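Quick notes on the structure that follows.
The values are calculated or read from the model by the stated rules, or taken from the named source; none is laboratory data. No experiment lies behind these values; they were computed from the predicted model shown. Methodologically, a virtual Cβ is constructed for each residue, glycine included, from the backbone with ideal geometry; neighbour enumeration extends over all protein chains shown. Heads up: the accessible areas ignore ligands, DNA and RNA and are worked out on the full protein's heavy atoms, side chains in. Shrake-Rupley method; radii C 1.70, N 1.55, O 1.52, S 1.80 Å.
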Amino acid sequence: MQNAHVAVESGGRERVEETSVTARTCRLGQWYYEGDGARVFSGTPAYRSLERPHHAVHDGVQRAVEASRGDWLHDEAVFTRIVDEMRAAEAASSEVIRLIGEMIEHKRVEQGRNGNTRH
């Protein structure tokens, strides 16, 4: 989200590469689809719920960056679109963080029941 804010404030001239990655190719996407996330957490209920808000973060950021290339300083509609897209991306990002916390908590409780303290 920090890269998204920089990209939007620069009118899509800075941090574009960082904000143009997809939900599958970003670090979280790699963790989720192919890495430890899939291996360790795929059995948790929150894991299955993570995909939608994660995609929403990327979609909102990319729409906001695209809109920021417009004349947002002088065009209220462009400015409003940017703000709305960033708010949606921030809300989705908060949901992603909440769900990751749920996954971790689920595994902690599960491991406690099984007497296993290893991760």
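Check every one of the helices (runs of 4 or more DSSP H) wholly within segment 1-113 and list those with 1 or more residues that are touching a Leu at 6+ places or on another chain (Cβ under 7 Å) and at pLDDT 90 or above. I'd like the intermediate steps shown before the answer.
On the way: elements: 2-9, 16-19, 27-33, 36-41, 45-68, 76-113.
Once the helices (runs of 4 or more DSSP H) in segment 1-113 are filtered for at least 1 residues that are touching a Leu at 6+ places or on another chain (Cβ under 7 Å) and at pLDDT 90 or above, what remains is 27-33, 45-68, 76-113.
Can you spot a residue in segment 85-103 that is farther than 30 Å from VAL16 by Cα and either of a type in the set (Asp, Glu) or out of contact with any His (no Cβ under 6 Å at 6 or more places or on another chain) (or both)?
Looking for residues that are farther than 30 Å from VAL16 by Cα and either of a type in the set (Asp, Glu) or out of contact with any His (no Cβ under 6 Å at 6 or more places or on another chain) (or both), one finds at least one in segment 85-103, hence yes.
When you scan segment 16-36, do you find a residue that is more than 25 Å from LEU99 (Cβ to Cβ), among the acidic types (Asp, Glu) and touching a helix residue (DSSP H, G or I) at 6+ places or on another chain (Cβ under 7 Å), even just one?
Initial filter on segment 16-36 (more than 25 Å from LEU99 (Cβ to Cβ)): 16-17.
Add one more test, that the residue is among the acidic types (Asp, Glu), and what stays is 17.
Filter again for touching a helix residue (DSSP H, G or I) at 6+ places or on another chain (Cβ under 7 Å), leaving none.
No: segment 16-36 contains no residue that is more than 25 Å from LEU99 (Cβ to Cβ), among the acidic types (Asp, Glu) and touching a helix residue (DSSP H, G or I) at 6+ places or on another chain (Cβ under 7 Å).
Check off (1) free of Cβ contacts under 8 Å to residues at least 40 places away in the same chain; (2) exposed (fewer than 15 other Cβ atoms within 10 Å of the Cβ) for PRO45 and give me the number that stays unchecked.
(1)
Table: residues versus (1) acidic (Asp, Glu); (2) open to solvent by 70 Å² or more (accessible area, probe 1.4 Å).
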residue	(1), (2)
VAL57	no, no
ALA67	no, no
LEU73	no, yes
GLU76	yes, yes
ARG81	no, yes
GLU85	yes, no
GLU95	yes, no
ILE104	no, yes
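I'd like to check something: does segment 21-38 contain any residue that is aliphatic (A, V, I, L, M) and loosely packed, with under 14 Cβ neighbours inside 10 Å?
Restricting attention to segment 21-38, the residues satisfying the condition of being aliphatic (A, V, I, L, M) are 21, 23, 28, 38.
Those still in the list that are loosely packed, with under 14 Cβ neighbours inside 10 Å too: 38.
Yes: segment 21-38 contains one or more residues that are aliphatic (A, V, I, L, M) and loosely packed, with under 14 Cβ neighbours inside 10 Å.
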